[in-house]
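*Asks:* Shown below is the structure under consideration.
Here, each number is a calculation from the coordinates, and none is a lab measurement. All values reported here derive from a predicted model rather than from experimental measurement. Because the Cβ atoms are built from the backbone with ideal geometry, glycine has one as well, and the counts that use them run over all protein chains shown.
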Amino acid sequence: MLYATSDIMADELSDNAKKIYDAMKKLGATSEEKLKTADDIMKAAALGKSIVNAALQELQKKGYVKRVARQKSAGYFVVK
């Protein structure tokens, strides 16, 4: 049986992580050159900072998002 990516994602991600993932896609954070900060993502998703940070950690652990350390603040982008 074939599954769509969204079906697989629905089973393994929390609702907040899905919202953050969707917000990142809408922001165009799809490559290292287009990465966004947690604040950018927080504004786009209209969720609080602690919720966004927890969801970003979940997405990183499961391989959906990559974090890039920078001088001022880290940036994030979608990898799958």
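*Asks:* Here's a check for you: in region 24-74, which residue that is among the β-branched types (Val, Ile, Thr), touching a strand residue (DSSP E or B) at 6+ places or on another chain (Cβ under 7 Å) and surrounded by 11 or more Cβ atoms within 10 Å (Cβ to Cβ) is nearest to SER14 (Cα to Cα)?
*Replies:* Within region 24-74, the subset among the β-branched types (Val, Ile, Thr) is 30, 37, 41, 51-52, 65, 68.
Within this subset, residues satisfying the condition of being touching a strand residue (DSSP E or B) at 6+ places or on another chain (Cβ under 7 Å) are 30, 37, 41, 65, 68.
From the residues that got through so far, the ones that are surrounded by 11 or more Cβ atoms within 10 Å (Cβ to Cβ) too are 30, 37, 41, 65.
Working: THR30: 20, THR37: 21, ILE41: 16, VAL65: 14 Å.
Only one residue tops the list, namely VAL65.
*Asks:* If you take just the helices (runs of 4 or more DSSP H) that sit entirely in region 13-80, which of them hold at least 3 residues that are basic (Lys, Arg) and touching a residue at least 12 places away in the same chain (Cβ under 8 Å)?
*Replies:* 15-27
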